[in-house]
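Undergrad: First the structure, which I've put down as structure tokens, then a few questions once you've had a look.
Throughout, read-outs are computed from the coordinates displayed, never taken from laboratory work. No experiment lies behind these values; they were computed from the predicted model shown. No Cβ is skipped: glycine too gets one built from the backbone with ideal geometry, and neighbour counts run over all protein chains shown.
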Amino acid sequence: VSPRAKARGGIDLGGTKIQTVVVGARNQVLGEARTATPQVGGPPAIAAAMAECLREAAGSAGYETSGLIGVGVGSPGEVDARRGTVGGARNLNGWAEETYPLAAELRRELGTRVKVGNDVSVATTGEFELGAAKPYKHVLGVFWGTGVGGGIVLDGKDWSGRGAAGEIGHMVVKKGGAKCPCGNRGCMEAYAGRAAMEAEARRRHKKGHKTELFKIMRHKERDRLTSSVWGKALAGGDKMTVELLDRAVDALGAGIASAVNLLDVEAVILGGGLGIRFGSDLGPRIEARMRESLFDHNNPPAFHVAALGDLGGAIGAALLARS
Ligand SMILES: [Zn+2]
């Protein structure tokens, strides 16, 4: 069997975009594609877009999808890996209430077997096996994007608790604090999540505070404050952007320190759309803020930005298709 025959697909399903890859036997990326996540049509429309996007990645690598040995999917929401279903995905159109047979649907479309896993845990596994967390056995992955997700590897194994572990974004960093998209108050995500930061920026803007954020958003023809909008505003020294990112850094540092105090991991890996974009600028500040709140000041964990970058979620998902 030639190594060409051992290619696998990976799909990272996010609230704003779908990223796909086709990787070879050594996990090298052979092809990739990206598309916007449909905001209408519910799970069937989203599944169709995922299949089309993977076909495009496979085509650029010279494959039919039926020639792949399998496809892995990293999905938000409640994933039942055995049944291949996804439910309760609040960031996806029409998916909050429904439990949808995603693996079966994609298998029908793609003509190969499909495995579904949790988006954050497949991205953490990707970093653990192939990226910045390779040297370690105990790892905390922090995925800073629309929300803030966490992945935990303990003793070399993915730790999911009863299925819902790793929700680092919902560690309480301020009792009775800001309202979080999850409905609770004072969560780390209420200060650091891209969606919560945008909501706060809109509130301040409405009250008359000045900012370049929405001008940049319109200029880029977006309808929300994407990580590239935040990046441009920060580079231009926009005061509100600096303030909101300072708040995010403070919340991330405090929340990560609390998780480290509990788990005593060897390394923290910062990923996600905002984590990758701002890792080199803000990563050292998040690390410094984390260190302030550590219990064991003499033995801080290593702190790295995710090495697989924007493709990490899809490459991690492709690992699901190995066996
Ligand atoms: Zn929350």
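Undergrad: What ³J(HN,Hα) values, in whole Hz, does the Karplus curve 6.51 cos²θ - 1.76 cosθ + 1.60 give for region 251-257 when θ = phi - 60°, with x put for Gly and Pro?
TA: After applying 6.51 cos²θ - 1.76 cosθ + 1.60, I find 5, 4, x, 5, x, 5, 4 Hz.
Undergrad: Still on this structure, I have one more. Computed from the mean reciprocal separation of all distinct C-alpha pairs, what Kirkwood hydrodynamic radius does the chain have, in Å? It would help to have the intermediate numbers written out before the result.
TA: Working: mean 1/r = 0.0500 Å⁻¹.
After inverting the pairwise mean of 1/r, the radius is 20.0 Å.
Undergrad: Using a 10 Å cut-off around each Cβ, can you sort Val305, Val86, Val122 from fewest to most neighbouring Cβ atoms?
TA: On the way: Val305 19, Val86 27, Val122 30.
In order of increasing Cβ crowding within 10 Å: Val305, Val86, Val122.
Undergrad: Another one. Over the chain, what relative contact order in percent results from Cα pairs under 8 Å that are six or more residues apart? Before the final figure, lay out the partial values.
TA: On the way: 711 pairs, mean separation 64.6, N = 323.
Rounded, it is 20 percent for the chain.
Undergrad: Students often get this wrong, so check it: of Lys17/Lys174; Lys210/Lys232; Lys6/Lys115; Lys207/Lys239; Lys179/Lys206; Lys206/Lys239, which have C-alpha atoms separated by over 23 Å? Each step should come with its number before you reach the end.
TA: Values: Lys17/Lys174 31 Å; Lys210/Lys232 16 Å; Lys6/Lys115 16 Å; Lys207/Lys239 15 Å; Lys179/Lys206 18 Å; Lys206/Lys239 16 Å.
In this structure, Lys17/Lys174 lie more than 23 Å apart at Cα.
Undergrad: Using a Gaussian network for the chain with springs between C-alpha atoms less than 10 Å apart, which of these wobbles most: His205, His170, His138?
TA: His205
Undergrad: Same structure again: Any chance you could get the radius of gyration and Dmax over the Cα atoms of region 52-171, in Å?
TA: Considering region 52-171 through its Cα atoms, Rg and Dmax are 15.4, 45 Å.
Undergrad: Check each of the trypsin sites (Lys or Arg not before Pro) in region 21-73 and keep only those in coil by DSSP with at most 11 other C-beta atoms within 10 angstrom; list them in order.
TA: Values: sites: Arg26, Arg34, Arg55; in loops: Arg26.
Filter output for region 21-73: Arg26.
Undergrad: Whole Å is fine, so just give me how far the alpha carbon centre of region 250-269 lies from that of region 84-150.
TA: 22 Å
Undergrad: Within the set of other residues whose C-beta is less than 14 Å from the C-beta of Lys206, count the net charge using Lys and Arg as +1 and Asp and Glu as -1.
TA: On the way: positive: Arg202, Arg203, Arg204, Lys207, Lys210; negative: Glu198, Glu200.
Once positives and negatives cancel, what remains is +3.
Undergrad: Pick out, in residue order, every one of the GluC sites (Glu not before Pro) in region 208-308 that is DSSP loop and has at most 12 other C-beta atoms within 10 Å; say none if there are none. Write down the numbers at each step before the final one.
TA: Values: sites: Glu212, Glu221, Glu243, Glu266, Glu287, Glu292; in loops: Glu212, Glu221, Glu266.
Within region 208-308, the qualifying GluC sites (Glu not before Pro) (loop, at most 12 other Cβ atoms within 10 Å) are Glu221.
Undergrad: Further question on the same structure: Within region 272-323, list the chymotrypsin sites (Phe, Trp or Tyr not before Pro) lying in a DSSP loop whose Cβ has at most 14 other Cβ atoms in a 10 Å radius. Don't skip to the end; give the middle numbers.
TA: Details: sites: Phe278, Phe295, Phe303; in loops: Phe295.
Passing both the DSSP loop test and the Cβ count: Phe295.
Undergrad: Right, here's the next one. Using only helices, what value at 222 nm comes out for the chain when you add -39,500 (n - 2.57) per DSSP H run of length 4 or more and divide by the total residues, to the nearest 500 deg cm²/dmol? List each step's numbers first, then the result.
TA: Details: 10 runs with 127 residues, N = 323.
Per the formula, -12500 deg cm²/dmol.
Undergrad: Quick one: Cα convex hull volume of region 254-323, Å³ per residue? Numbers along the way, then the final one.
TA: On the way: hull volume 6.8 nm³, N = 70.
Given the Cα convex hull of region 254-323, per-residue volume reads 97 Å³.
Undergrad: On to the next question. With a/c under 1.5 counting as rounded, go ahead and sort region 173-323 into rounded, prolate or oblate using the C-alpha gyration tensor (a ≥ b ≥ c being the square roots of the eigenvalues; past the cut-off, prolate if a/b is larger than b/c, else oblate). Walk me through the numbers on the way to the answer.
TA: Working: a/c = 1.81, a/b = 1.30, b/c = 1.39.
Oblate, since a/c reaches 1.5 and b/c is not below a/b.
Undergrad: Going by how many other beta carbons lie within 10 Å of each one, how would you line up Cys187, Cys180, fewest first?
TA: On the way: Cys187 29, Cys180 21.
Arranged by neighbour count, lowest to highest, Cys187, Cys180 become Cys180, Cys187.
Undergrad: At a 10 Å Cβ-Cβ cut-off, how would you order Met197, Met188, Met240, fewest neighbours first? Mind dumping the intermediate values first?
TA: Details: Met197 23, Met188 33, Met240 17.
In increasing order of surrounding Cβ atoms, one gets Met240, Met197, Met188.
Undergrad: For a quick check: with amide H placed at 1.01 Å from N, whose amide H comes under 5 Å from Gly271's, ignoring anything fewer than 5 positions away on the same chain?
TA: Long-range HN contacts for Gly271: Val142, Phe143, Trp144, Ala306.
Undergrad: Calculate the spin-label point distance for Asp246 paired with Ala36, positioning each point 7 Å from the Cα along the beta-carbon direction, and give it in nanometres.
TA: So the label points at Ala36 and Asp246 sit 3.5 nm apart.
Undergrad: Can I ask one more? Can you give me the relative contact order of region 79-129 as a percent, contacts being Cα pairs under 8 Å and 6 or more apart?
TA: Details: 52 pairs, mean separation 16.5, N = 51.
Relative contact order of region 79-129: 32 percent.
Undergrad: Also, quick follow-up: Can you find, among Gly312, Ala51, Val242, the residue sitting farthest towards the positive end of the charge dipole of the chain, where Lys and Arg contribute +1 and Asp and Glu -1 at Cβ?
TA: Towards the positive end, the residue furthest out is Val242.
Undergrad: Residue by residue through region 290-299, what is 3J(HN,Hα) from phi via Karplus (6.51 cos²θ - 1.76 cosθ + 1.60, θ = phi - 60°)? Round to whole Hz and write x for glycine and proline.
TA: Karplus-based 3J(HN,Hα) across region 290-299 equals 4, 4, 4, 9, 6, 6, 9, 5, 7, 9 Hz.
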